[in-house]
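Chemist: First, the structure itself, so that you have it in front of you.
Only the coordinates and a few stated rules stand behind these numbers; no lab work does. Quick caveat: nothing in here was measured; it's all calculated off a predicted structure. A quick note on method: Cβ atoms are made from the backbone with ideal geometry, for glycine too, and the neighbour counts reach across all protein chains shown.
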Amino acid sequence: MRHGDEHREEALTAGYHVSEIFFPYRLTFLGAGILGFAGVGAAAMSAHAGDDPRLASAVALVCLTHAPALLILGLYARGGLALRIAALLLFTGAALFSTDLALRMFGHGRLFSMAAPAGGMTMMAGWIAVALGALSINR
């Protein structure tokens, strides 16, 4: 390490845990906002448009249940790496699942083969990570 590098590294990470540099907890709030917006839009679609409201209802359900979960995880993100991983898995899974269903709803086919099941499994892994993260929360 060159002279001064330790000070530069210290300045870059000042006030942050190393895991916050790689996955800032504020991203969970961004993800919550995106899912909340999409969920409300999908709920409106299920009520007012389309021949079959079931796909839009499923998108609304997934988005509007995972958005508040991301808000809570954002508040507890400093609780450990497991909760950060949980937030990432929940957002990624909800986004995959919802995008695939929304594309089908609008007649554009699938996001990719098995996108919705992959999203569902990713959300399930996220919820397991939440459960494991509960073990790392210090009070």
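Chemist: Which order, highest average first, do 87-95, 55-63, 114-122 follow once you tally other Cβ atoms within 10 Å for each residue and take the mean per peptide?
Modeler: In descending order of packing, they fall as 87-95, 55-63, 114-122.
Chemist: For segment 88-102, in order, what is each residue's ³J(HN,Hα) by Karplus, 6.51 cos²θ - 1.76 cosθ + 1.60 with θ = phi - 60°, in whole Hz (x at glycine and Pro)?
Modeler: These are the phi-based 3J(HN,Hα) values: 5, 5, 5, 5, 4, x, 5, 5, 4, 4, 5, 5, 4, 5, 5 Hz.
Chemist: Size of the dipole of segment 20-134 about the Cα centre, Lys and Arg at +1 and Asp and Glu at -1 on the beta carbon, nothing else charged, in debye to 20?
Modeler: It comes to approximately 200 debye.
Chemist: Using the Karplus curve 6.51 cos²θ - 1.76 cosθ + 1.60 with θ = phi - 60°, work out ³J(HN,Hα) for each residue of segment 54-69 in order, rounded to whole Hz, and write x for Gly and Pro.
Modeler: Per-residue couplings from phi come out as 5, 5, 5, 5, 5, 4, 4, 4, 5, 5, 7, 8, 8, 4, x, 4 Hz.
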